[in-house]
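**Student:** First, the structure itself, so that you have it in front of you.
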């Protein structure tokens, strides 16, 4: 049995890696962005070397080590987040995000070229840098090991729904960080409001699940 009796919802993002329904925020992972310039510089060096030569192989190995360093930094951050959450909460609810679809190529096709390619490409890199998929997997494992549970719910309109009155309106999000309900006037950090909606949706969907009796946070 998990020592905690609380349930928490989590909203994954790029401004913050994860925002919980109790207001806790985990800073974003910036491993790739921090080393992006260095990686690009090393890749340019590789392009100027004779393919499969000794110098090419040496430079290729250097780039591989850099990628491994980025992955290790990301993994360490995610494990720290996972440990903190799994220790303090018995039930965690996340959105069932289709990360592969969200990070599909921004260029589109010849017949249907993409729009805002530069912005979409930057967003894709930010999403991939966070390791959303890995976080979900390791959090699921750790919660099960500790006697807790991870649930995921439909992500539709969680960012536009008021967590107080339930009204859905795109106008409730005047900007990325602020949520202001046009119906009841409720104001909150946009990610916290979304996380509270995710938690409520998760508790509703698991109301009849055996062994789930947690207080929301």
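The values are calculated or read from the model by the stated rules, or taken from the named source; none is laboratory data. All values derive from a computational prediction rather than experimental measurement. Using ideal geometry, Cβ is built from the backbone for each residue, glycine included, and neighbour counts are taken over all protein chains shown.
**Student:** Can you confirm whether the range 148-171 contains a residue that is assigned to a helix (DSSP H, G or I), modelled with pLDDT of 70 or more and more than 30 Å from residue 72 (Cβ to Cβ)?
**Tutor:** Yes, the range 148-171 has at least one match.
**Student:** Right, here's the next one. Which residue pairs have Cβ atoms under 9 Å apart, sit 6 or more places apart or on different chains, and have a first residue in the range 186-208 that is crowded, with 24+ Cβ neighbours inside 10 Å and a second that is in a helix (DSSP H, G or I) and at pLDDT 95 or above?
**Tutor:** Going by the 9 Å Cβ cut-off, the qualifying pairs are 193/172.
**Student:** While we're looking at this one, here's another question. Among the numbered conditions (1) touching a helix residue (DSSP H, G or I) at 6+ places or on another chain (Cβ under 8 Å); (2) modelled with pLDDT of 95 or more, tell me where residue 132 comes up short.
**Tutor:** (2)
**Student:** Answer yes or no: is there a residue in the range 172-180 that is part of a strand (DSSP E or B) and under 25 Å from residue 86 (Cα atoms).
**Tutor:** no
**Student:** Here is a follow-up. Has the range 193-209 got at least one residue that is assigned to a strand (DSSP E or B) and at pLDDT below 95?
**Tutor:** No.
**Student:** Related question: Check whether at least one residue in the range 29-51 is surrounded by fewer than 15 Cβ atoms within 10 Å (Cβ to Cβ), within 26 Å of residue 152 (Cα to Cα) and within 15 Å of the chain's Cα centre (by Cα), and report yes or no.
**Tutor:** No; the residues of the range 29-51 include none that is surrounded by fewer than 15 Cβ atoms within 10 Å (Cβ to Cβ), within 26 Å of residue 152 (Cα to Cα) and within 15 Å of the chain's Cα centre (by Cα).
**Student:** Name the residue that is surrounded by the fewest Cβ atoms within 10 Å (Cβ to Cβ), counting only residues in the range 120-129 that are modelled with pLDDT of 70 or more and closer than 15 Å to residue 15 by Cβ.
**Tutor:** 125
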